[in-house]
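**Q** Before I ask anything, let me first share the structure, which is written out below as structure tokens.
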Amino acid sequence: MNSEPGLVGSLLMGIAIVLLFNAGIILSIIRNYQLFDRIEQHNERITSFKKIRTGVSFSFVFLLVVGALLSVIAASKLKMIVMENSILVFLIISVILTIFPIFIADVLEKVYKKNGSQLFFHFLGYTIIIGYLFMPFQKLHDMVMSNKNGSASFDEEGNITPVEALGALISPENKENELRPEAFDMIKGVLSMREKLAKEVMVPRTDAFMIDIQNDNDRNIDAILQMQYSRIPVYNEGKDDIVGIVHIKNILKTAREEGFDHITIRKVMQPALFIPETMAIDEVMLEMKKTQNQLAILFDEYGGVVGLVTLEDLLEEIVGEIDDESDQPEQDYHKISDSEFIVQGKLSLDDFNDEFMTNFEMNDVDTIAGFMIAKLGYIPEDDSQESVEIDGIKLITEKVDDSRIMEIKIELTPALAIAHVQREKRV
């Protein structure tokens, strides 16, 4: 007597599982692959679907949880039909009906990836209904996850951003990822460009070669020709007053046409590109492309010049160091013993941490020299030897010139020294 309603209920539960997974696949796969960008028809249902797609983002885990719950309910009804007192049958059916939705999800995903645009409209109506039903749960899910992981990277229309799509493509967790390590590093460099600021890759003002327009033209030209740079900033009396950029190509072109005796810096100078130091480096590249510049002057919030950045500096964030025939090899550090090293003060704090397996962090500090000055609380005098100890690691000023820490001696703890030796062997 009771078996027939139980069977009907189980069948309905099975249909519900299939429909739920079908709707979830549509709402997730269509989002990621943007299949409706290829659909020519536009109507009210498309508008409703876009709204749902923006508000609801079924995750695979969410689908499994709901599907498992429905499967258990269906199994409980089937249990009453097959053997009212058999727990074993109940467990077997529960396992089968829990695995079944996973199989459905896998099959549906492949089908929609291949034929999404054709099948899209057949299931659009009930997908909208299910989307509206689950929207409150999605809002609650977003509130919880945004506090934990931050907001998802979707645009205003709910489409996944290219960065998120590429990130998922090259993720080591993606079993279909066949990228070579070099390609993986390059794509990862591109994705990180929006997270890095211009000041993190700039040449500091104190290290930048510039010429004073007030100097004699012959003196400036001789200095330019002795250096291995193609573009040189020009300042008026002080480096905070950049008045232009000199391209060595323009000097040679003018010299060819008029002779070196007739060259003036003002004649061959071009306007400079100024950008804030807090601009993301991907935006810097776009600005360089827009203005046809390969060198930009960075200024801080007070309008003072803090450094410069070149197109080569930005490209090196993607492909790694680019050494040409004019670059002199320069080591960031050299080894004295297994526990003692001399490092360049301009070595970035991130690179220092990576190399020596430390965890030094401080806001508004980019280099190990800046970190040491902040810990000391004062700027060391020239040729003085100051030291500070952090987490058992001793930092000693090795060379101070013009109030700048040029070199620092590092004394590692025995444990870190052993770890660094092992790291060198692996590399």
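The values are calculated or read from the model by the stated rules, or taken from the named source; none is laboratory data. For clarity, every value in this text was computed on a predicted model and none was experimentally measured. With ideal geometry, Cβ positions are generated from the backbone for all residues, glycine too; neighbour counts draw on all protein chains shown.
**Q** Considering only residues that are more than 17 Å from GLU407 (Cα to Cα) and free of Cβ contacts under 8 Å to residues at least 60 places away in the same chain, which ones fall in the stretch 351-384? So that I can check it myself, show each step before the final result.
**A** Start the filter on the stretch 351-384 by keeping residues that are more than 17 Å from GLU407 (Cα to Cα), which leaves 354, 357-364, 377.
Correct list: ASP354, THR358, ASN359, PHE360, GLU361, MET362, ASN363, ASP364, GLY377.
**Q** Would you be able to tell me the number of residues in the stretch 195-222 that are surrounded by 15 or more Cβ atoms within 10 Å (Cβ to Cβ) and either among the small types (Gly, Ala, Ser) or more than 23 Å from LEU311 (Cβ to Cβ) (or both)?
**A** So the count comes out to 7.
**Q** Of all residues in the stretch 245-274, which are in a helix (DSSP H, G or I), exposed (fewer than 12 other Cβ atoms within 10 Å of the Cβ) and either of a type in the set (Val, Ile, Thr) or within 36 Å of the chain's Cα centre (by Cα) (or both)?
**A** Hit for the stretch 245-274 is LYS249, nothing else.
**Q** Output the qualifying pairs, or none if there are none: Cβ atoms under 8 angstrom, residues six or more apart or on different chains, first residue in the stretch 227-238 and touching a residue at least 24 places away in the same chain (Cβ under 8 Å) and more than 12 Å from LYS249 (Cβ to Cβ), second residue surrounded by fewer than 12 Cβ atoms within 10 Å (Cβ to Cβ) and hydroxyl-bearing (Ser, Thr, Tyr).
**A** As it stands, the answer is GLN228/SER326, since those pairs meet every condition given.
**Q** Kindly provide the set of residues from the stretch 282-321 that are of a type in the set (Val, Ile, Thr) and in contact with an Asp or Glu (Cβ under 6 Å, 6 or more places away or on another chain), ordered by number. Spell out how you get there, then give the answer.
**A** The first filter runs over the stretch 282-321 and keeps only residues of a type in the set (Val, Ile, Thr), leaving 284, 291, 297, 305-306, 309-310, 318-319.
Residues satisfying the conditions are VAL305, VAL306.
**Q** Check off (1) hydroxyl-bearing (Ser, Thr, Tyr); (2) farther than 24 Å from ARG194 by Cβ; (3) touching a Phe, Trp or Tyr at 6+ places or on another chain (Cβ under 9 Å) for THR367 and give me the number that stays unchecked.
**A** Tallying (1) hydroxyl-bearing (Ser, Thr, Tyr); (2) farther than 24 Å from ARG194 by Cβ; (3) touching a Phe, Trp or Tyr at 6+ places or on another chain (Cβ under 9 Å), THR367 fails exactly one: (2).
**Q** A further question on this structure: Within the stretch 254-270, is there a residue that is among the small types (Gly, Ala, Ser) and closer than 24 Å to LEU315 by Cα? Spell out how you get there, then give the answer.
**A** Step one: list which residues in the stretch 254-270 are among the small types (Gly, Ala, Ser), which gives 255, 259.
Next, from what is left, pick out any that are closer than 24 Å to LEU315 by Cα: none.
The answer is no; no qualifying residue exists.
**Q** Do we have any residue at all in the stretch 413-420 that's touching a helix residue (DSSP H, G or I) at 6+ places or on another chain (Cβ under 6 Å), closer than 24 Å to GLU321 by Cα and of a type outside the set (A, V, I, L, M)? Can you show your working first?
**A** Narrowing the stretch 413-420 to residues touching a helix residue (DSSP H, G or I) at 6+ places or on another chain (Cβ under 6 Å): none.
Scanning the stretch 413-420 turns up no residue that is touching a helix residue (DSSP H, G or I) at 6+ places or on another chain (Cβ under 6 Å), closer than 24 Å to GLU321 by Cα and of a type outside the set (A, V, I, L, M).
**Q** Report yes if some residue within the stretch 336-355 is exposed (fewer than 13 other Cβ atoms within 10 Å of the Cβ), on the phi < 0 side of the Ramachandran plot and either at pLDDT 85 or above or of a type in the set (A, V, I, L, M) (or both); otherwise report no.
**A** Residues of the stretch 336-355 that are exposed (fewer than 13 other Cβ atoms within 10 Å of the Cβ), as a first pass: 336-337, 354.
Narrowing the set further to residues that are on the phi < 0 side of the Ramachandran plot leaves 336-337, 354.
Now restrict to residues that are either at pLDDT 85 or above or of a type in the set (A, V, I, L, M) (or both): 336-337.
Scanning the stretch 336-355, I find at least one residue that is exposed (fewer than 13 other Cβ atoms within 10 Å of the Cβ), on the phi < 0 side of the Ramachandran plot and either at pLDDT 85 or above or of a type in the set (A, V, I, L, M) (or both), so the answer is yes.
**Q** Being in a helix (DSSP H, G or I) and in contact with a strand residue (DSSP E or B) (Cβ under 8 Å, 6 or more places away or on another chain) is the filter; apply it to the stretch 343-370 and report the residue that is farthest from THR278 (Cα to Cα).
**A** Of the residues in the stretch 343-370, the ones in a helix (DSSP H, G or I) are 349-356, 368-370.
Filter again for in contact with a strand residue (DSSP E or B) (Cβ under 8 Å, 6 or more places away or on another chain), leaving 349, 352, 355-356, 368-369.
On the way: LEU349: 18, PHE352: 22, GLU355: 26, PHE356: 28, ILE368: 20, ALA369: 21 Å.
It comes out as PHE356.
Residue by residue, here is whether (1) modelled with pLDDT under 90; (2) out of contact with any strand residue (DSSP E or B) (no Cβ under 6 Å at 6 or more places or on another chain); (3) closer than 18 Å to ASP240 by Cβ; (4) not assigned by TED's automatic domain parsing to the domain that holds ALA208 holds:
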| site | (1), (2), (3), (4) |
| --- | --- |
| ALA255 | yes, yes, no, no |
| GLY259 | yes, yes, no, no |
| ILE263 | yes, yes, no, no |
| GLU277 | no, no, yes, no |
| MET288 | no, yes, no, no |
| LEU295 | no, no, yes, no |
| VAL305 | no, no, yes, no |
| GLU312 | yes, yes, no, no |
